[in-house]
Amino acid sequence: MTTFENGQVGEIEQVFQALAGTDRQVVNVLNTIQEHYGYLPEQSLHDVSRQFGIPLANLYGLVSFFSGLRTRPVGRNQIAVCCGTACYARGSEKVFTRLKETMQLDADGTSEDGFVTISKVPCVGACSLAPVLSVNGVLEGKIKPLQVTARLEELQRNDSPSD
Ligand code: FES
């Protein structure tokens, strides 16, 4: 269920026009739309389906194949769990699982209330601090699974839904 405001369809048309004469590969188009909206609104997938003659089901299959593409807006807070070798060896997978279970995330890694989006990222270059989280772009090291709940509560106290 996507809210698609008046004018957005026209904006998607502009995206197509901007790509005219250039590489119009469908993934590039999807990436461009996502850059514009931050995610892929349902209507945009219908438009891409029509423009490229690709059945909608196939398009959703493509979207689910590329982990960087998402069909919902990202959460107001973004937590990335490093899954590089050092972090993995020091328990980042348990940290990720704890976050996922605590927040009951959907397939896009976003909580139902839009509070947070959680993802896995490759080594962020702070291996001596493993396991490492990036919380809204700020690295936090030596995270233990048991600290996750308190960290989320702290984040929730500072969270301000915009609507
Ligand atoms: S493996 Fe996580 S910071 Fe390098």
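Structural remarks
- Computed about its Cα centre, the charge dipole of region 22-163 is approximately 520 debye, with only Lys, Arg, Asp and Glu carrying charge at their Cβ.
- The simple spin-label model puts a point 7 Å past each Cα toward its Cβ; for Val26 and Gln147 those points are separated by 4.4 nm.
- Farthest towards the positive end of the charge dipole of region 44-112, among the residues Ser64, Ser49, Ser111, is the Cα of Ser111, using unit charges on the Cβ of Lys, Arg, Asp and Glu.
- Note on Asn158 and Tyr60: with the Förster distance fixed at 30 Å, the Cβ-Cβ geometry gives a FRET efficiency of about 0.30.
- Sorting 86-99, 48-61 by average packing, meaning the other beta carbons within 10 Å per residue, from highest down gives 86-99, 48-61.
- FRET efficiency estimate (nearest 0.05) - Cβ-Cβ, Cys123 to Gln51, R0 35 angstrom: 0.40
Only the coordinates and a few stated rules stand behind these numbers; no lab work does. All of these numbers come straight from a predicted model, not from anything done at the bench. Virtual Cβ from ideal backbone geometry, glycine too; neighbours counted across all protein chains shown.
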